[in-house]
Every structure is written in C-alpha cells, then in structure tokens.
Amino acid sequence: MADTVAAPGIVRPSGPITSSEFVNTMSHYHRAEIARMAGWRDRLDRTSNWALTVTAGTLSVSLSTPTAHHGVLLFAMLIVLLLLWIEARRYRFFDVYRARVRQFERHYFAQIFSPQPDFASNWLLILGETLRTPKFLISQQTAFARRLQRNYIYIFLLLLLAWILKVSTPRLQEEGGRRDFVASVFEAIHNATLGPVPGEIVAVIVVAFYASLVWMTFTVHGEEGELAIGDV
C-alpha cells in the first residue's frame, strides 16, 4: 500500500496517487506558478520602464528647447496615467499567482521545514477552488493605488515640478535670453494657457488631478498581511 503521508499538517486530496507522485505534482505545479508570477512581474517592469521612458523624453524636449510648449508635459501626465492603469490591471494578475506561490511556501514548504500541528490543513482544498473558479484577489482601485504608492507618485511629482518650472520660466534655456522667473503667480497661471483653454482652468485641473493622486496615495491602502508596510 502506498504511503499516504505528504508532510506534517498537509491533507492530501483523495485518489489513486502515491506519495512520490504527489510530491512530483506539487513541485512541478509550484514551478509553473512561479513561472507565471515571474512573467507578470516582468510585464509590470515593462510598463514602469515605458513610463520612465516617456517621462525622460518629455523632460528632455520641454526643458531643453525654449520653443517647446508646456502642454507636452500635460500630455505626458496623461500617458503616464494610462500606463499606470494598464499596470494596475497587470498587477491584479500578478497578485493572483503570487498568492498561490505564497500558499505553497507558507503551508507546504514551511510545514516540511518547521511543522506545526493542523496549520491550515485545508489549504489544498482552497487552492483547488481557486483553480476551478479563478478570481481576482484585489480590486482595480486597490491595484491602482498600490502601484501609485510604490512607483508612479514619484514620476508624477517629477512631471509636476517640470511643468511648474516651465510655466514659471517662459524663457528657460532660451539662447541669448534672460532666465528670469515670472513676477507673480498670476503671470505663471496665464502662461499655463493651453490653446483655447484659459490658464486658470488648466491650473485648476492640474491641482485637482494631483490632489486626487495624493488622496489615493495616503488614504487608499487595501494592504493586509504580507503586503503591509514592513513585511516582505
């Protein structure tokens, strides 16, 4: 009769399977989940790299050329926002596979190295249900806020500083010209005019946009357990 003990605290699914077959199945499936997690991790890095490339390119164009319009930086903000939304969607997929990998590490391998009696003995049943009916573990808003807090808030701040510098120094890098700042805030707001849109409206939109980013950065957390601050 085949040995039916997989590991301390592990309840193995019923069926005609030996311990060696069970261990092989677990190891191969664990590798597969790690590969999928790493694949989505790579996609996250690509999106972040695109955002950094867009930011670097727009900063180079807008700050090195005196004739460049400040609207270039505004459009860069929109592009980075779109990339953040795409990355948040990708992060939801990454979070699913990461959770599965952590289930193996927490409930299977940790039990082999340091057994605890009856430690989450039904985790395989829970994992099986997630395979039958896959579901996202976090919302799009939580994923958006999490990526914003980790990376994108710094990119947006760089674009904001560059935009303020551009509208407050209209002769920035103008060859043979003066580099004086504007005389007042009202003059800077006037320089923020974007086509037929008055500078006052543009400034209000930018302020409201960044206020929402700051609010989301400091108020929308949705992080528990391993994703709390201080944990890996």
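The values are calculated or read from the model by the stated rules, or taken from the named source; none is laboratory data. None of these values were measured; they are calculated from a predicted model. Backbone-built Cβ (ideal geometry, glycine too); neighbour counts: all protein chains shown. Just the protein is used for accessible areas: all its heavy atoms, side chains included, with ligands, DNA and RNA removed. Shrake-Rupley method; radii C 1.70, N 1.55, O 1.52, S 1.80 Å.
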Criterion (within 30 Å of residue 157 (Cα to Cα), at pLDDT below 85 and in a helix (DSSP H, G or I)) met by exactly one of 83, 52, 74, 63
63
Kindly list the number of the only condition in (1) under 15 Å from the mean Cα position of the chain (by Cα); (2) of a type outside the set (Asp, Glu); (3) open to solvent by 50 Å² or more (accessible area, probe 1.4 Å) that fails for residue 84.
(3)
Mind counting the residues in the stretch 186-209 that are in a strand (DSSP E or B), surrounded by 14 or more Cβ atoms within 10 Å (Cβ to Cβ) and either of a type in the set (D, E, K, R) or out of contact with any helix residue (DSSP H, G or I) (no Cβ under 7 Å at 6 or more places or on another chain) (or both)?
0
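Quick one: in the stretch 40-56, which of the residues that are under 22 Å from residue 209 (Cα atoms) and without any contact (Cβ under 8 Å) to a residue 60 or more places away in the chain is most open to solvent (accessible area, probe 1.4 Å)?
This residue is 50.
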Quick check on my filter: what residues within the stretch 90-125 are among the small types (Gly, Ala, Ser) and in a helix (DSSP H, G or I)?
99, 110
Check on residue 153, β-branched (Val, Ile, Thr) and at pLDDT 90 or above
yes
Among the candidates 158, 131, single out the residue that is within 30 Å of residue 76 (Cα to Cα), out of contact with any Asp or Glu (no Cβ under 9 Å at 6 or more places or on another chain), open to solvent by 60 Å² or more (accessible area, probe 1.4 Å) and part of a helix (DSSP H, G or I).
158
Any idea how many residues of the stretch 134-149 are assigned to a loop (DSSP other than H, G, I, E, B) and either open to solvent by less than 20 Å² (accessible area, probe 1.4 Å) or among the β-branched types (Val, Ile, Thr) (or both)?
1
Can you name the residue in the stretch 1-38 that is open to solvent by less than 30 Å² (accessible area, probe 1.4 Å) and part of a helix (DSSP H, G or I) and is also modelled with the highest pLDDT among such residues?
33
Number of the condition not met by residue 68 [criteria: (1) farther than 30 Å from residue 135 by Cα; (2) modelled with pLDDT of 95 or more]:
(2)
